Amino acid sequence: MSAQTTGHQAGPGARVRPGVEEDLAELTRIYNHYVIGTPVTFDIEPFTVDRRRPWLLEHPDSGPHRLLVAERGGTLLGYATSSAFRPKHAYATSVETTVYVAPEHVGHGVGGLLYAALFEVLEREDVHMALAGVTVPNEASRRLHQRFGFRPVGVYAEVGRKFGRYWDVEWFQKRLSRQR
């Protein structure tokens with residue numbers, strides 16, 4: 001996959017492609033920004049590249065569990081994933097989706113570019129439902145998910161503790177296919 005954008009807010013020349021081993025250091029840097037400085041992920045210790053590698057390998061370039069990156073001129077702008085929602089087999093057609101944008105590129109349409117490409121790919125897979133957990137407050141993420149057709153389905157109150165306080169997680173879901 002190599003979706004080009006023209007005139008999109010992410011900027012001319014931005015493209016989306018599968019993430020590869022050569023991206024791992026930058027993917028780790030982007031994620032660690034959110035680990036260290038925000039509650040949007042409940043990981044609390046930064047990752048090394050080696051510790052992050054198993055996550056990369058869980059996202060091949062085919063099937064329902066994907067890792068897509070946005071880049072422009074060789075610079076990674078961010079990434080989106082679809083991952084297993086739960087390990088039990090009955091959940092196999094449900095995925096949890098996430099988007100992480102490099103801090104220097106937040107607010108420029110990168111998240112939307114990535115989600116558009118991710119859902120285009122997932123339309124061709126045996127995926128029925130996409131779910132997303134958003135630590136609240138996070139109005140930008142809430143708007144992004146609703147823009148892509150997710151609907152809020154509930155809040156898990158005080159389920160994560162980070163930075164000395166408890167955080168709520170709002171859950172969203174989106175149907176991707178007709179029931180098979």
Having 1 or more residues that are farther than 30 Å from GLY13 by Cβ and under 16 Å from the mean Cα position of the chain (by Cα) is the bar; report the strands (runs of 3 or more DSSP E) wholly within segment 68-173 that clear it. 75-84, 94-101, 129-136
Positions within segment 56-71 being at negative phi and out of contact with any Phe, Trp or Tyr (no Cβ under 8 Å at 6 or more places or on another chain), in sequence order: LEU56, LEU57, GLU58, HIS59, PRO60, ASP61, SER62, PRO64, HIS65, ARG66, GLU71
Determine the pairs where a residue that is of a type in the set (Phe, Trp, Tyr), located within segment 151-179, has a partner that is outside any strand (DSSP E or B) and open to solvent by 30 Å² or more (accessible area, probe 1.4 Å) with Cβ atoms under 9 Å apart, the partner being 6 or more residues away or on another chain. PHE163/ILE44; TRP167/PHE42; PHE172/ARG142; PHE172/GLN146
Go through the residues of segment 104-116 one by one and say whether even a single one is farther than 19 Å from THR41 by Cα and among the β-branched types (Val, Ile, Thr). no
Kindly evaluate ALA117 against the criterion of being in contact (Cβ under 8 Å) with a residue 60 or more places away in the chain, among the hydrophobic types (A, V, I, L, M, F, W, C) and surrounded by 20 or more Cβ atoms within 10 Å (Cβ to Cβ). yes
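To keep it simple, each residue is scored yes or no on (1) open to solvent by 30 Å² or more (accessible area, probe 1.4 Å); (2) out of contact with any Ser or Thr (no Cβ under 6 Å at 6 or more places or on another chain); (3) farther than 20 Å from HIS105 by Cβ; (4) touching a residue at least 40 places away in the same chain (Cβ under 8 Å).
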{"residue": "GLU26", "(1), (2), (3), (4)": "yes, yes, no, yes"}
{"residue": "ASN32", "(1), (2), (3), (4)": "no, yes, no, no"}
{"residue": "GLY37", "(1), (2), (3), (4)": "yes, yes, no, no"}
{"residue": "ILE44", "(1), (2), (3), (4)": "yes, yes, yes, yes"}
{"residue": "ASP50", "(1), (2), (3), (4)": "yes, yes, yes, no"}
{"residue": "ARG53", "(1), (2), (3), (4)": "yes, yes, yes, no"}
{"residue": "GLU58", "(1), (2), (3), (4)": "yes, yes, yes, no"}
{"residue": "ASP61", "(1), (2), (3), (4)": "yes, yes, yes, yes"}
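Conditions (1) in contact with an Asp or Glu (Cβ under 9 Å, 6 or more places away or on another chain); (2) open to solvent by 40 Å² or more (accessible area, probe 1.4 Å); (3) modelled with pLDDT under 95, marked per residue:
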| position | (1), (2), (3) |
| --- | --- |
| THR97 | no, no, no |
| TYR100 | no, no, no |
| GLU104 | no, yes, no |
| GLY107 | no, yes, yes |
| VAL121 | no, no, no |
| PRO152 | yes, yes, no |
| GLY164 | no, yes, no |
| ASP168 | yes, yes, no |
Residue satisfying all of: in segment 43-64; part of a helix (DSSP H, G or I) and charged (D, E, K, R); farthest from THR135 (Cα to Cα) among these: ASP50
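The values are calculated or read from the model by the stated rules, or taken from the named source; none is laboratory data. All figures in this text were calculated on a predicted structure; none of them were measured in a lab. Positions of Cβ are backbone-derived with ideal geometry, glycine not excepted, and every protein chain shown enters the neighbour counts. These area figures cover heavy atoms from the full protein model, side chains too; ligands, DNA and RNA do not enter into them. Shrake-Rupley method; radii C 1.70, N 1.55, O 1.52, S 1.80 Å.
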